[in-house]
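Here the structure is laid out as structure tokens; the discussion comes afterwards.
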Amino acid sequence: MERANRRRGGQAVSCTCRSDLGLLVLRLGLGGVLMAHGAQKLFGLFGGGGIEGTAAGMESMGYEPGRESAIAAGVCETGAGALLGLGLATPAAGAAAAGTMSAAVAVGWPNGLFAMKGGFELPLLLGIGAVGLGLTGAGTLSLDAATGRALDRPWMAAGAFVASAAVASAVISRRNRTVARRAGVEQERLREAKVARNEQDAEHGPHEG
């Protein structure tokens, strides 16, 4: 473990680096929030809707099929959060969390940044934190350090983020097509309803008065 040595009274004092403590705090905080969100989706904890409730929400947001999307999001959030908290396979965990948060950002994008208006502020912040940890690494107070960084190699980080970006782009593109298709169907339904009303008005018009 990397140590910073300081002299006090002629003796060397060993203390954990501040950066490692900071990374630990970030990992535990970010990982805990992600795990809580995942538990809401998978198990209905902390007021969450569980798989069925989350599936309905996913469907309404355009992520189809809803049940599979709910399970995937819940597993990614829970798994990535746990790995980040432990500091194990940090690049892969950060990439998985960032990819999942990008899907949430896509939903809130039309509402702008701020959460008070239904924006993407929270998932953006979580995603940025996950990317930062995935690139920086977990520090020495982690299982990655304890295992000789076997799961924290530079090529692993590059591969994980490229794969996550590709998957997230595909999922978001599919969701956008679904939303556009639904909007088109709704517009057609409204058009047909308007035509039907006009025809009824035309039929009843001569009999009035």
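Since every read-out is calculated from the coordinates, none of them should be taken as a lab result. These numbers were taken from a predicted model, which means no experiment stands behind them. With ideal geometry, Cβ positions are generated from the backbone for all residues, glycine too; neighbour counts draw on all protein chains shown.
Between A158 and F114, the contour length at 0.36 nm per residue exceeds the alpha carbon distance by 12.8 nm. For the chain, the relative contact order works out to 19 percent when only alpha carbon pairs closer than 8 Å and six or more residues apart are counted. Estimated translational diffusion coefficient (Stokes-Einstein, Kirkwood radius over Cα pairs, 4 °C, 1.567 mPa s) of the chain: 65 µm² per second. If you take all other residues with their beta carbon under 10 Å from the beta carbon of Y63, and give Lys and Arg +1 and Asp and Glu -1, the sum is -1. Only alpha carbons enter this Debye calculation for the stretch 50-133, each as an equal point scatterer, and the log10 of I(q)/I(0) it gives at q = 0.11, 0.15, 0.20, 0.21 Å⁻¹ is -0.30, -0.56, -0.92, -0.99. Between R177, R197, R149, the Gaussian network model of the chain with springs among Cα atoms under 10 angstrom shows the greatest mean-square fluctuation at R197.
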